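The structure is given below, and queries will be raised subsequently.
FYI, it's all coordinate maths here, none of it is from the lab. Owing to the predicted nature of the structure, the values given are computational and were not obtained by experimental measurement. Neighbour counts run over all protein chains shown; Cβ positions are idealised from the backbone, glycine included.
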Amino acid sequence: MDHSPLTYRQTVQPADCRRVADIVEATGYFSPEEVSIAVELVEEHLAKGAASGYLFLFAEKGGTTIGYACYGPIPGTLASYDFYWLAVHPDYQGQGVGKKLHAQMEALIIAAGGRKIYLDTSSRPQYEPTRKFHEGNGYRQCAFLEDYYAPGDGKVTFVKDI
């Protein structure tokens with residue numbers, strides 16, 4: 001087990017495209033198309049910076065990126081944010097990294113004047129731990145769209161007032 005301290009970084013680097021792909025693939029939760037989308041968001045940020053609407057927070061141990069969060073302000077709202085992704089490499093799951101990464105991301109949103117955070121996830125049984133994680137971090141379900149992603153795979157939307 002790596003006992004080095006957990007550090008955070010907001011600056012997006014070209015190597016993060018591969019790092020994000022590696023983390024997302026390693027979780028085993030996401031399809032190849034979803035992995036591509038995760039990487040596209042990094043590429044969009046690299047091309048446009050904060051104007052892309054995608055902000056990142058990376059968690060690192062010993063100089064290795066072990067997790068990340070992607071979030072951004074929702075256009076047309078005064079103080080609402082979308083929470084797009086949070087993924088932690090399986091080697092570091094169960095150690096509180098996701099919870100700490102989420103707390104850091106939330107602090108950044110609050111510092112930027114954010115008041116609400118929205119997130120979407122799948123209703124598939126595989127995502128039950130994900131939904132429980134979000135509920136444990138103070139989110140409440142505010143919407144459900146049946147068969148959104150595919151037949152039998154609805155979209156569950158959560159919100160948190162901060």
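Which one of L119, L55, L145 has the biggest mean-square fluctuation once the chain is modelled by GNM with Cα springs under 10 Å?
Residue with maximal mean-square fluctuation among L119, L55, L145: L145.
Here is a follow-up. What share of the DSSP beta bridges in the chain is antiparallel, in percent to the nearest 5?
That works out to approximately 90 percent antiparallel.
All other residues with a Cβ under 10 Å from the Cβ of Y148 taken together, and with Lys, Arg as +1 and Asp, Glu as -1, what is their net charge?
-3
A further question follows. How would you rank K61, K48, going from fewest to most other Cβ atoms within 10 Å of each one's own Cβ?
In order of increasing Cβ crowding within 10 Å: K48, K61.
If you don't mind, there's one more thing I want to ask. Mind checking the dipole of the stretch 117-162: about its Cα centre, +1 per Lys or Arg Cβ, -1 per Asp or Glu Cβ, Debye to the nearest 20?
160 debye
Enumerate the calculated ³J(HN,Hα) couplings along the stretch 45-58 in order (Karplus 6.51 cos²θ - 1.76 cosθ + 1.60, θ = phi - 60°), each rounded to whole Hz, writing x wherever the residue is Gly or Pro.
Going residue by residue, I get 5, 4, 6, 10, x, 4, 4, 5, x, 10, 10, 10, 9, 10 Hz, with x marking Gly and Pro.
Go through the stretch 116-121 residue by residue and turn each phi into a ³J(HN,Hα) via Karplus (6.51, -1.76, 1.60, θ = phi - 60°); whole Hz please, and just put x for glycine and proline.
9, 10, 10, 8, 10, 8
Which Cα, out of P151, P32, A21, lies furthest along the positive dipole direction of the chain (beta carbon charges, K/R +1, D/E -1)?
Checking the options against the dipole of the chain, the answer is A21.
Looking only at V35, V20, V88, which one moves most when the chain is put into a Gaussian network model with springs between Cα atoms under 10 Å?
Taking springs between Cα atoms under 10 Å, the residue moving most is V35.
Moving to a separate point now. Could you please state, rounded to a whole Å, how far the C-alpha centre of the stretch 31-72 is from the C-alpha centre of the stretch 116-130?
Computed from Cα coordinates, the inter-centre distance equals 19 Å.
Now, a different point. Between G76, G28, G94, find the one with the highest GNM mean-square fluctuation for the chain; connect C-alpha pairs within less than 10 Å.
G76
Pull up all non-local amide H partners of H89: gap of 5 or more, or a different chain, and H-to-H distance under 5 Å with H placed in the peptide plane.
G67
Then there is this: Exposure proxy check: T121, T7, T157 ranked by fewest other beta carbons within 10 Å?
Result, fewest neighbours first: T7, T157, T121.
Got a sec? How would I117, I37 order by Cβ neighbour count within 10 Å, fewest to most?
In order of increasing Cβ crowding within 10 Å: I37, I117.
State log₁₀ I(q)/I(0) for the stretch 1-114 at q = 0.20, 0.21 Å⁻¹ as given by the Debye formula over alpha-carbon point scatterers of equal weight, solvent excluded.
So the normalised log intensities are -1.10, -1.20.
Okay, moving on. About the Cα centre of the chain, what is the dipole size in debye to 20, counting +1 per Lys and Arg Cβ and -1 per Asp and Glu Cβ, all else neutral?
Approximately 600 debye in magnitude.
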